[in-house]
Amino acid sequence: MGDHDGSAFDGNRVKYRRTKSVTRAEEIMQKESKQRKSQPDKPCHRPQDSLFTWSSGFNNFTGLVNWGFLLLTMGGFRLLLENFIKYGIRIDPVQWYIVLTGKNEGEGFPSFILTVYTLVPILICLLVEKGLAVEIVAEGFGMFIHVVNIVVLVLIPMVIIHIRGHIFSLIGASFVCFVYSILFMKLWSYVQVNMWCRRDAVSPKSTKTRKRTQSISIAQLQNNNQKNDLDSVDGIKKETHQPEVLVQYPQNLHLTDLLYFLLAPTLCYELNFPRTSRIRKRFLLKRILEVLIGVNVVMALFQQWMIPSVRNSLTPFSNMDLIHATVRLLKLSIPNHLVWLCFFYLTFHSFLNLLGELLQFADRNFYCDWWNANSIDTFWRTWNMPVHRWCVRHLYIPVVDLGLGRTAASITVFFISAFFHEYLVSVPLRMFKVWAFMGMMAQIPLSWVSNFARKRFGPRWGNTIVWSSLIIGQPLAIMMYYHDYVVTHYNDVLVEST
């Protein structure tokens, strides 16, 4: 009886259906809605969610975004007025000219001499490549010379600036280190690409490889089609030009080709770069004006706003006064971030486009939408495309091809990047610290944190972590280097200030 009752109960339970939930607006039955509208009380309510509820589907927050920008503008303007009232007008274009032209350097303009000296490793690299091409230099010996040449190239500024640093200005030393770092990556790419071409020429599969290489000419054909379209402007159709013949190895081994690559806004060498058909004069003029105005804006912000904030951070940072040091950090973060944004636009949009237009270099993908990056690794893949492309092509893929795995390849890329970040800071300051190096290596665990936040809480939280690291991380590094620089070179000033 009990079993019979239980089975009957189970059968009845199956027949019952779960009542539909009416907590969400879209789940209200249409029949009920029609009945309500037919009532004589003239109902004015309808099922709907609050706008701030995720289920409402509302996504137009343009007014709040405008409010946020207005609030930030008012706050920045207040800080600017406070800066003028406290420090007066510190902007002095004459000082900019002295700093940028190197007039405060020692006799002989050492930065200029070191910059001109870069022609020596460039010529050595080209001569060795020519010797390898005609097989008068053995492959192993030639690659050994290339490695020594590139390594010595990086060491030259480190040694000379460390020994004779008193005759270098800070801007001059920084410029030299930047030029030598760029030249290191360009020569690395030049040597590696020519090595690929040499191996392709002697490989048994060279025929297949050449056929695949010829597919690159599609971009060249498109470029020529664009050129023909431009030639037909104003209704005058010119004769169709035949596509240019692609340069093949070793026809590329001449000084003109190498110099073009060294000046081009790219770090990755190719035998046939995509080229534009003409120089757009209006576009070029806009970029020139942006560079001229941008340099003055960056220098003015740095001189008026950043230098006082950095100097005022010395005492609380030295005394380990956490509260006041945090206040100085937050004060410094606003001008530093503004200068960084201006520098990004000035470098990656204005200057590189100016250089690309002058050289008729067609690939202008210098940056992607890094501001939308929802993880740290996405940011590093999108904000500096020339460096990212070089790292993937000449570091990441070769390391993976060696069988070391993707993790080892990623760590290698961050390690090389961390080295050059430290190189560009410590060498000009003539003090070898590890803050920039550790900051770059810390991007690896920080990328794990941002990826976890993105997957767990949504992409908006990942993007927030990216912006937080940019806004807070950079001024913290500046404060640390300024403190160590004063301790190293002006210890008496630090003692008096404390």
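For the reader, a short list of remarks on this structure follows.
- Residue-level accessible surface for residue 407, protein heavy atoms, 1.4 Å, Å²: 100
- Per residue, the accessible area of segment 331-440 comes to 45 Å² when a 1.4 Å probe rolls over the protein heavy atoms.
- Residue-by-residue Karplus 3J(HN,Hα) for segment 447-456, coefficients 6.51, -1.76, 1.60, Hz, glycine and proline x: 5, 5, 5, 5, 5, 5, 5, 5, 6, 7
- Estimated FRET transfer efficiency when R0 is 60 angstrom, pair residue 84-residue 260 (beta carbons, to 0.05): 0.80
- Once backbone amide H atoms are built at 1.01 Å from N, residue 275 has 362 as its partners under 5 Å, excluding neighbours fewer than 5 places away on the same chain.
- Calculated from backbone phi, Karplus (6.51, -1.76, 1.60) coupling profile of segment 309-326 in Hz, x at Gly/Pro: 5, 5, 5, 5, 7, 5, 5, x, 6, 5, 7, 6, 7, 4, 5, 5, 5, 5
- Each residue of segment 116-130 was assigned a 3J(HN,Hα) from its phi angle through the Karplus expression (A = 6.51, B = -1.76, C = 1.60, θ = phi - 60°), giving 5, 5, 4, 4, 5, x, 5, 5, 4, 4, 5, 5, 5, 5, 5 Hz with x at Gly and Pro.
- Spin-label pair residue 46/residue 320, simplified geometry with 7 Å Cα→Cβ offset, distance in nm: 6.5
- For the pair residue 340 and residue 280 in one chain, pulling the backbone fully straight at 0.36 nm per residue adds 18.8 nm over the alpha carbon distance.
The values are calculated or read from the model by the stated rules, or taken from the named source; none is laboratory data. Small disclaimer: the values here were computed from a predicted structure and weren't measured. Cβ: placed from backbone, ideal geometry, glycine included. Neighbour counts: every protein chain shown. Side chains included, ligands, DNA and RNA excluded: accessible areas come from the protein's heavy atoms. Shrake-Rupley method; radii C 1.70, N 1.55, O 1.52, S 1.80 Å.
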